[in-house]
Amino acid sequence: MKLNYGRTFLIGLAFLSISAFWQLYDNIVPLMLKNTFALGDALTGGIMALDNVLALFLLPFFGALSDRVDTPMGKRTPFIIVGTVVAVICMLILPVADQMENFPLFFIALGMVLLAMSTYRSPAVALMPDLTPKPLRSEANAVINLMGAVGGILALAAISLLVPKVPASERPSYFNVYMAVATLMVVAVAVLVLTIREKKLAQQVDIDDGEAEDEEQETGVKTGMPREVRRSFIFILASIFLWFTAYNAVTTAFSRYATTIWGYQGGSFANALMVAMGTAIVFFIPVGILSRKFGRKKMIIFGILLITTTYFCGFLFKTYSPWINLVFAFTGIAWASINVNSYPMVVEMSRGSDIGKYTGMYYTFSMAAQILTPIASGALMQYVHYRTLFPYAVFFSLLSLCTMLFVKHGDARPAAAGE
């Protein structure tokens, strides 16, 4: 059994669109809040956590709802189309409100964008396991994450090229970069809808997986989730919460940290993040192949150890150095190893009819972390010192290692010789 890479790349266009938006959101919205509306780091962190508050409730809801929807276009596609259209329209209001210094308009538009993104994130991610046979989901998730990284790196390139460098007393216009990312989102989703016939492909995958499903039901592995599987499920969700607490603290605060501590100017802070994403792009598919050979859990543990090391190295830099880019290259490898395997481990413990629901649960815990971490890390940066950011990430990353050691289920079957 081999993965259809061409089809999987097309499925990944939805995640490319989502990731492009979140890179723009994480890097530009904090600068707007701080520089235009003069909000402190703690309050900025609180507003940055709003998307995660919405997601905590809406991602499981819309994931489970999409499990039950049946349209000629399929279960997930209608959510992807409507969510993208509404998000693109509302996100273009943000740079206009920023230039007008109109905080009420900015805040309302931001709320509408976040609501729209929450409606289709779980359905978009659930599209991959819907259309991929079970043994191939780590490899497929590698492709999906690669597409997400492409979306992220395109957004970062737009930031680097389209955010003008202006004197400290002036504010740049962000409209061009928002328009570029909005266009990317529309084009990606349009190509997805025109090339992927979700309903037809899902029926084919159901037939391919039929014998495996029957065997799983007979053994009881998936039915009712036995106690030992549930224990692993709880620990993998705890691990997801903890490593997102570490990682999102760094990504959310990075633009402020890089400009304040390392002296980056304009959109140049995006260069280090592009190095991380570029490296991840190179390693996503090799990580997926290695995961099928060695197992998902081992690759995740490797990723945790490596990313913890990069957080520690980040703390050692007191000013800009070209070596920062090397550290972020290893961050990309580490995050690829973690991200490629965590979601497949969660859905491996689900039934086919519950994929949207379990996708929502995956995002519930990752979003819960991202509610806490911008506020907590922002408060430490504001009231203690900016340099608390990386030690904070090291601490929570090590905690995720401890919980991951207790996960005993959801792993990939090691490939036999000749597979």
Give all pairs with beta carbons closer than 6 Å in which a residue from region 193-205 that is within 20 Å of Tyr120 (Cα to Cα) meets a residue that is of a type in the set (S, T, N, Q) and part of a helix (DSSP H, G or I); count only pairs at least 6 apart in sequence or on separate chains. Glu198/Thr77
Give region 222-250 a look and list any residue that's modelled with pLDDT under 85 and surrounded by 16 or more Cβ atoms within 10 Å (Cβ to Cβ), or say none. Lys222, Met225, Val229
Just to be sure I understand, how many residues within region 125-143 are assigned to a helix (DSSP H, G or I), touching a Leu at 6+ places or on another chain (Cβ under 8 Å) and modelled with pLDDT of 85 or more? 2
Look at Met91 and say whether it is surrounded by 23 or more Cβ atoms within 10 Å (Cβ to Cβ), of a type in the set (A, V, I, L, M, F, W, C), more than 30 Å from Leu3 (Cα to Cα) and touching a residue at least 24 places away in the same chain (Cβ under 8 Å). yes
Please find, among Ile301, Ile333, Ile307, the residue that is part of a helix (DSSP H, G or I), modelled with pLDDT of 85 or more, surrounded by fewer than 21 Cβ atoms within 10 Å (Cβ to Cβ) and of a type outside the set (D, E, K, R). Ile301
One residue is enough: does region 56-71 have a residue meeting the conditions assigned to a loop (DSSP other than H, G, I, E, B), out of contact with any strand residue (DSSP E or B) (no Cβ under 7 Å at 6 or more places or on another chain) and at pLDDT below 90? yes
Among the candidates Met345, Met349, which residue alone is surrounded by fewer than 24 Cβ atoms within 10 Å (Cβ to Cβ) and either touching a Gly at 6+ places or on another chain (Cβ under 9 Å) or of a type in the set (S, T, N, Q) (or both)? Met349
Suppose we filter region 28-44 for residues that are assigned to a helix (DSSP H, G or I) and over 22 Å from Val177 (Cα atoms); how many remain? 3
Please enumerate the residues belonging to region 20-43 that are touching a residue at least 12 places away in the same chain (Cβ under 8 Å), surrounded by fewer than 24 Cβ atoms within 10 Å (Cβ to Cβ) and of a type in the set (Gly, Ala, Ser). Gly40, Ala42
Kindly evaluate Ser255 against the criterion of being in contact with a Phe, Trp or Tyr (Cβ under 6 Å, 6 or more places away or on another chain) and at pLDDT below 90. yes
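Which of the residues spanning region 259-271 are crowded, with 21+ Cβ neighbours inside 10 Å and aliphatic (A, V, I, L, M)?
Result: Ala270, single match.
Would you confirm, using the coordinates I've provided, whether Ile236 is within 17 Å of the chain's Cα centre (by Cα), hydrophobic (A, V, I, L, M, F, W, C) and either farther than 21 Å from Phe406 by Cα or in a helix (DSSP H, G or I) (or both)? Show your work before the answer.
Numbers: within 17 Å of the chain's Cα centre (by Cα): yes; hydrophobic (A, V, I, L, M, F, W, C): yes; either farther than 21 Å from Phe406 by Cα or in a helix (DSSP H, G or I) (or both): yes.
Answer is yes for this residue.
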I need the full set of residues from region 72-124 which are of a type in the set (Gly, Ala, Ser) and not in a helix (DSSP H, G or I), in order please. Gly74
Listed by first then second residue, the pairs whose first member lies in region 52-74 and is at negative phi, whose partner is outside any helix (DSSP H, G or I), with beta carbons under 7 Å and at least 6 positions apart or on separate chains, are Ser66/Lys75; Ser66/Arg76; Asp67/Lys75; Val69/Lys75
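The values are calculated or read from the model by the stated rules, or taken from the named source; none is laboratory data. Since we're looking at a predicted model, the values are computed, not measured. Neighbour counts run over all protein chains shown; Cβ positions are idealised from the backbone, glycine included.
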